[in-house]
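Participant: Shown below is the structure under consideration.
The numbers here are math on the coordinates, done by the rules we state, and not lab data. Computed from a predicted structure; not experimentally measured. Positions of Cβ are backbone-derived with ideal geometry, glycine not excepted, and every protein chain shown enters the neighbour counts.
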Amino acid sequence: MIASIRYHSRVIGALFMRETITRYGREGLGFLWLIGEPLIFCLGVMGLWAVIKPEYEHGVRVAPFVMTGYMCLLLFRHIVGYNLNALQANVGLMHHRAVKPLHIYVSRALMEFAGATVAFAIVYAILLVLGAVSRPHDILLLYGGWLILFWFSTGLSLTFSALSIRFEVMERVVPVFMYLMIPLSGAFIMVDWLPDAYQKIYLLIPMPHTVEMVRGATFGEFVPTHYHPWYPIAWSAALTLTGLTLLATARQRVDVE
């Protein structure tokens, strides 16, 4: 068991390094762009909101509100987006018996997770120094929401990627879906701001639960949040199982010649 974990970890680690070098190169900032890209995006959006919005909205400070929402959205979009055609883009690796399709997807998901996590920590530290946010009120809730979001994004990416191998139309459907998720993700709205009649309907979407968990940990009990951790966990497990099942025959469907 331990030997198997070490073996798969080495393969994923090698693919992780290969992907970062391929995407960002060895020159200039190189690997640091993995962190710098989501960091610049988040700081840019926060700066824009600071200009066009008041300091507080619905009793919530805008800077940490944007930080928590946009970083969650970035993590979700990057994992799903970069994994969509991961197998097709790395088809040459299928000549190596050690490399399985799942290794490619996991390495890409972990790369996006690492970059987004470090960028989140840097932005949080900046706001903490500026006095715009306090220390997390519940660190376990913060970790829980962030990790469940990572799992959900990875599971969804596996399902979408497997479907894209079978149906070319998915390459057009997924980008539209990702744009629709911007208002539906919970990144720029809190559940408590919605009318009571719509809150339960909105919470049928798994992702807002994870964003609300991150915000609940950041803002504490004085800002009402609504979430049920087991709901996105169930969705994540179902999507992962579905994705793995569909990927079971993916290697045979991809032309490796």
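Participant: Suppose we flag trypsin sites (Lys or Arg not before Pro) only when DSSP calls them loop and at most 16 other Cβ atoms lie within 10 Å. Which is the longest uninterrupted stretch of the chain?
Facilitator: That gives 98-257 as the longest site-free run.
Participant: Also, I was wondering about something else. What net charge is computed for the residues neighbouring Tyr202, neighbours being all others with C-beta under 13 Å from the C-beta of Tyr202, Lys and Arg scored +1, Asp and Glu -1?
Facilitator: -2
Participant: Taking the Cα centre of segment 2-253 as origin, sum charge times position over the Cβ atoms of Lys and Arg (+1) and Asp and Glu (-1), and report the length of that vector in debye to the nearest 20.
Facilitator: It works out to roughly 1040 debye.
Participant: Tell me which GluC sites (Glu not before Pro) from segment 96-205 have a DSSP coil assignment and no more than 16 other beta carbons within 10 Å of their own.
Facilitator: When the GluC sites (Glu not before Pro) of segment 96-205 are filtered for loop state and at most 16 Cβ neighbours within 10 Å, Glu168 remain.
Participant: Arranged by the count of other C-beta atoms within 10 angstrom, fewest first, what order do Thr245, Thr20, Thr225, Thr218 take?
Facilitator: Arranged by neighbour count, lowest to highest, Thr245, Thr20, Thr225, Thr218 become Thr245, Thr20, Thr225, Thr218.
Participant: By how many nm would the segment from Ala197 to Arg172 grow when fully extended, if each residue of separation counts as 0.36 nm and the alpha-carbon distance is taken off?
Facilitator: 5.7 nm
Participant: Semi-axes, largest first, in whole Å: what does sqrt of 5 times each Cα gyration tensor eigenvalue give for the chain?
Facilitator: So the equivalent ellipsoid measures 33, 21, 17 Å along its semi-axes.
Participant: Restricting to DSSP loop positions (anything but H, G, I, E, B) with no more than 11 other Cβ atoms inside 10 Å of their own Cβ, which chymotrypsin sites (Phe, Trp or Tyr not before Pro) remain in segment 176-257?
Facilitator: Passing both the DSSP loop test and the Cβ count: Phe222.
Participant: Once the dipole of segment 2-253 is set up with Lys and Arg at +1 and Asp and Glu at -1 on Cβ about the Cα centre, which of Leu39, Thr225, Val91 lies farthest towards its positive end?
Facilitator: Farthest towards the positive end: Val91.
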